[in-house]
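Quick one: the structure is below, and I'll ask about it shortly.
The values are calculated or read from the model by the stated rules, or taken from the named source; none is laboratory data. Note that this is a predicted model, so its numbers are computed, not measured. So basically every Cβ, Gly included, is an ideal-geometry build from the backbone, and we count neighbours across all protein chains shown. For the accessible areas, the whole protein counts, side chains as well, though only heavy atoms, and no ligand, DNA or RNA atoms are used. Shrake-Rupley method; radii C 1.70, N 1.55, O 1.52, S 1.80 Å.
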Amino acid sequence: MKALVYHGPGQRSWDDVPDPVIIEPTDAIVRIDSSTICGTDLHILKGDVPAVKPGTILGHEAVGTVVEIGSGVTTIAVGDRVLVSCITSCGRCRFCKEGHYGLCTGGGGWIFGHLIDGLQAELARVPFADTSVYKVPDELSDEQVLFLADILPTAYEVGVLNGRVEPGDTVAVVGAGPIGLATIMTAKLHTPGRIIAIDLDDGRLEKAREFGADVTINNGREDAIAKVMELTGGLGADVAIEAVGVPDTFELCTELIRPGGRVANVGVHGHSVTLHLEKLWIRDVLITTGLVDTNTTSKLLRLIEGGRLDPTVFATHHFALADTEKAYDVFGAAAETHALKVVLTAVPVGHELPAGDEELVAVGV
Ligand SMILES: NC(=O)c1ccc[n+]([C@@H]2O[C@H](COP(=O)([O-])OP(=O)(O)OC[C@H]3O[C@@H](n4cnc5c(N)ncnc54)[C@H](O)[C@@H]3O)[C@@H](O)[C@H]2O)c1
Ligand SMILES: [Zn+2]
Ligand SMILES: [Zn+2]
């Protein structure tokens with residue numbers, strides 16, 4: 001089969017690799033129908049995630065069709081359409097039993113495109129299939145559910161739920177990339193009084209308004225703290241959600257909140273951050289961190305089914321799966337291409353093109 005293989009920092013290619021096979025009785029083999037690229041894949045390519053060994057297939061978000069199941073798999077069958085999420089659950093360890101699948105100690109957690117081969121491929125081996133995949137309702141398209149594999153549960157769980165967003169709250173979202181925008185989208189489920197989006201990029205701030213931000217602040221030009229104080233009668237926001245992953249934006253979040261407010265950190269940090277306890281100790285603040293657990297995936301799926309959430313607005317660019325390398329170029333240059341999420345689609349079975357004609361299925365950008 002073909003797959004997008006990581007060959008060390010800065011190096012990736014669309015290679016011929018062996019088809020995956022069932023190793024454990026709890027495995028399934030899934031044919032990937034739709035996949036996408038995450039900002040974390042770009043971090044890996046920069047060499048920021050040394051646990052990813054050269055030779056690993058990247059990708060941790062997909063919708064596919066089950067083509068084979070291990071002898072121990074009982075709840076999914078060959079032919080089922082499934083969402084394969086960024087988090088795998090062994091279903092047995094203490095953390096899985098408590099719904100903290102991201103912390104799984106039984107061989108699950110974030111493993112795709114990290115510790116085992118991932119999902120930017122024609123086929124994938126999916127461990128712990130019974131406890132890890134979600135059947136996709138027939139009436140929903142791949143694109144309607146694909147972003148449930150990562151950005152929506154991440155934003156909702158690590159941002160909105162950890163930040164305890166309540167009706168009427170003023171919520172400041174720092175960073176309006178896919179994660180910040182998904183935070184705005186899912187924060188609205190809790191009817192905040194006002195959402196303030198803060199970013200350095202005017203294009204992203206325009207998107208934030210489209211996604212439902214009431215106020216936008218470009219903190220490259222404006223004093224974000226002064227503006228938030230002005231909007232909140234000098235108190236600060238009830239909740240600040242960090243969706244960038246750099247020291248400045250974490251510190252900004254701790255300065256934006258009111259006494260008794262909450263900071264929910266979603267960003268992945270590669271550098272030390274100063275925690276100003278000398279100022280914060282007296283302010284009764286709550287600071288949370290987290291890796292997504294994906295324990296809200298079923299709830300978010302029902303909201304999509306009910307027409308209350310429409311994640312298809314994230315899909316700015318479409319490519320054939322065979323053009324994954326091109327898709328990386330476009331996604332990696334988001335400042336110029338304005339990409340939010342790229343959708344990689346496999347050629348449907350029975351419609352294979354003759355070798356060399358892959359270009360024909362690139363459906364443009
Ligand atoms: N905790 C988790 O489980 C989890 C899961 C997925 C992603 N993440 C992390 O979430 C973060 C956001 O992801 P993304 O895909 O949206 O990233 P992204 O890079 O696409 O977006 C980041 C946004 O932050 C803005 N920004 C950069 N510096 C800024 C600054 N100083 N002030 C204000 N805005 C600034 C950029 O203009 C951009 O719009 C990343 O750190 C990512 O690794 C965390
Ligand atoms: Zn991701
Ligand atoms: Zn587990």
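What is the Rg over Rh value, at two decimals, for segment 237-345, using alpha-carbon atoms and the Kirkwood definition of Rh? Kindly include the intermediate steps, with their values, before the conclusion.
Values: Rg = 18.4 Å, Rh = 16.9 Å.
Ratio of gyration radius to Kirkwood radius: 1.08.
Here's something else I'd like to know. Please give, to one decimal in nm, the separation of the simple spin-label points placed at residue 221 and residue 289, each 7 Å out from Cα toward the Cβ.
About 3.5 nm separates the two model spin labels.
Which value in deg cm²/dmol, rounded to the nearest 500, describes the helix-derived mean residue ellipticity at 222 nm for the chain, given -39,500 (n - 2.57) per DSSP H run of n ≥ 4 and division by the residue count? Numbers along the way, then the final one.
Working: 12 runs with 83 residues, N = 365.
For the chain, the value works out to -5500 deg cm²/dmol.
Relative contact order (percent) for the chain, with alpha-carbon contacts under 8 angstrom and 6 or more residues of separation?
On the way: 846 pairs, mean separation 59.4, N = 365.
Contact order relative to length: 16 percent.
Right, next: Just the accessible area per residue of the chain, please: how many Å² with a 1.4 Å probe? Could you put the intermediate results ahead of the total?
Details: 15710 Å² over 365 residues.
Accessible area per residue, the chain: 43 Å².
Lysine pairs, Cα distance under 30 Å, 8 or more residues apart or cross-chain: how many in the chain?
Step by step, the pairs that qualify in the chain add up to 29.
Now, a different point. With a bin width of 10 angstrom, please list the P(r) values of segment 21-103 as percents of all Cα-Cα pairs, from the 0 bin to the one holding the largest distance.
P(r) for segment 21-103, in whole percents per bin: 15, 37, 39, 9.
Over the C-alpha atoms of segment 1-158, what are the Rg and the largest Cα-to-Cα span, Dmax, in Å?
14.7, 41
Also, quick follow-up: Where Lys and Arg each count +1 and Asp and Glu each count -1, what net charge lies around residue 164 among other residues with Cβ under 13 Å from its Cβ? It would help to have the intermediate numbers written out before the result.
Numbers: positive: 262; negative: 157, 166, 169, 238.
Once all neighbours under 13 Å are counted, the net charge is -3.
How many nm separate the modelled label positions at residue 275 and residue 337, each set 7 Å beyond the Cα in the direction of the Cβ?
For the pair residue 275/residue 337, the computed spacing is 3.8 nm.
Out of the total accessible area of segment 79-139 (probe 1.4 Å, heavy atoms of protein only), what percent is carbon and sulfur?
On the way: 1250 of 2530 Å².
Carbon and sulfur atoms account for 49 percent of the accessible area of segment 79-139.
Counting only Cα atoms, I'd like the Rg/Rh figure for segment 1-44, Kirkwood definition for Rh.
Numbers: Rg = 12.9 Å, Rh = 12.7 Å.
Rounded to two decimals, Rg over Rh is 1.02.
Would you kindly state how much longer the chain becomes between residue 214 and residue 94 on full extension, computed as 0.36 nm times their sequence separation minus their alpha carbon distance, in nm to one decimal? Could the numbers behind the result be given before it?
Values: separation 120, 0.36 × 120 = 43.20 nm, distance 4.11 nm.
Once the chain is fully extended between residue 214 and residue 94, it gains 39.1 nm.
I would also like to ask the following. Let me see the pair-distance distribution of the chain: every alpha carbon pair, 10 Å bin width, integer percents in order.
Histogram of Cα-Cα distances, whole percents per bin: 5, 24, 33, 24, 11, 3, 0.
Can you list, bin by bin at 10 Å, the percent of alpha carbon pairs in segment 130-277, starting at 0?
Reading the bins upward from 0: 12, 42, 31, 10, 4, 0.
A further question on this structure: Quick one: among 169, 214, 41, which has the greatest mean-square fluctuation in a GNM of the chain with alpha-carbon springs under 10 angstrom?
Answer for the Gaussian network model of the chain: 214.
Can you list the chymotrypsin sites (Phe, Trp or Tyr not before Pro) in segment 193-294 that are in a DSSP coil and have 15 or fewer other beta carbons within 10 angstrom?
On the way: sites: 211, 250, 281; in loops: 281.
Qualifying residues, ordered by number: 281.
Given the alpha-carbon gyration tensor of segment 121-184, what are the semi-axes of its equivalent ellipsoid in whole angstrom, ordered largest first, with each equal to the square root of 5 times an eigenvalue? Each step should come with its number before you reach the end.
Numbers: eigenvalues 164, 35, 32 Å².
Those come to 29, 13, 13 Å.
Now, a different point. Express in nm, to one decimal, how much length is gained between residue 312 and residue 48 on full extension, taking 0.36 nm for each residue of separation and deducting their alpha carbon distance. Numbers along the way, then the final one.
Working: separation 264, 0.36 × 264 = 95.04 nm, distance 2.93 nm.
Gain in length upon complete extension: 92.1 nm.
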